[in-house]
Amino acid sequence: MTTTQRIRVLIAKPGLDGHDRGAKVLALALRDAGIEVIYTGLRQQPAQIASAAIQEDVDVVGLSCLSGAHNVLFPRVVELLREQGAGDILVVGGGTIPEHDIPGLQASGVQALFGPGSSIADIVDYIREHAPQRS
């Protein structure tokens, strides 16, 4: 990204998970780091997330899941983005994701996963380094 363009990140809580403290903390930290943040709120369906990401013209989608449905919800968001011509959007995830689920999620197109105890600074740095370049 050039220094004149702000990175745009959509933070979303897919599925029925009702716990959003971590997502809100991350959204505020990203904002404080100069990144533009759109927060979709709780209980979003993958189609709603993909649609919002495209409508908001974001560079990154950050998905947060604590309910255990990450293996279904995260890949579905990636699939819908690709189907709608937005496969260049960086998709990252966070929440309570067991180590053994990470390879499958990455193979589905979720580029990075941040579990409990992840450093906010590391997440911000990752997004800055990996957000796609706008033309």
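The values are calculated or read from the model by the stated rules, or taken from the named source; none is laboratory data. Note that the structure is a prediction, hence the values are computed from the model and not measured. No Cβ is skipped: glycine too gets one built from the backbone with ideal geometry, and neighbour counts run over all protein chains shown.
Annotations for the structure displayed:
- Residue match in the range 78-97 (condition: of a type in the set (S, T, N, Q) and either touching a Leu at 6+ places or on another chain (Cβ under 9 Å) or modelled with pLDDT under 95 (or both)): yes
The rows are residues; the columns are (1) touching a strand residue (DSSP E or B) at 6+ places or on another chain (Cβ under 7 Å); (2) of a type in the set (Val, Ile, Thr).
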position: Ala50; (1), (2): no, no
position: Gly62; (1), (2): yes, no
position: Gly68; (1), (2): no, no
position: Leu73; (1), (2): yes, no
position: Ala86; (1), (2): no, no
position: Ile89; (1), (2): yes, yes
position: Ile97; (1), (2): yes, yes
position: Gly104; (1), (2): no, no
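- Contacts under 6 angstrom Cβ, first residue in the range 30-53 being closer than 14 Å to Ile127 by Cα, partner at pLDDT below 95 and surrounded by fewer than 19 Cβ atoms within 10 Å (Cβ to Cβ), 6 or more apart: Glu36/Arg6
- Taken together, the residues in the range 36-52 that are of a type in the set (Ser, Thr, Tyr) and more than 11 Å from Lys13 (Cβ to Cβ) amount to 1.
- Check on Leu26, touching a residue at least 40 places away in the same chain (Cβ under 8 Å), crowded, with 16+ Cβ neighbours inside 10 Å, hydrophobic (A, V, I, L, M, F, W, C) and part of a helix (DSSP H, G or I): yes
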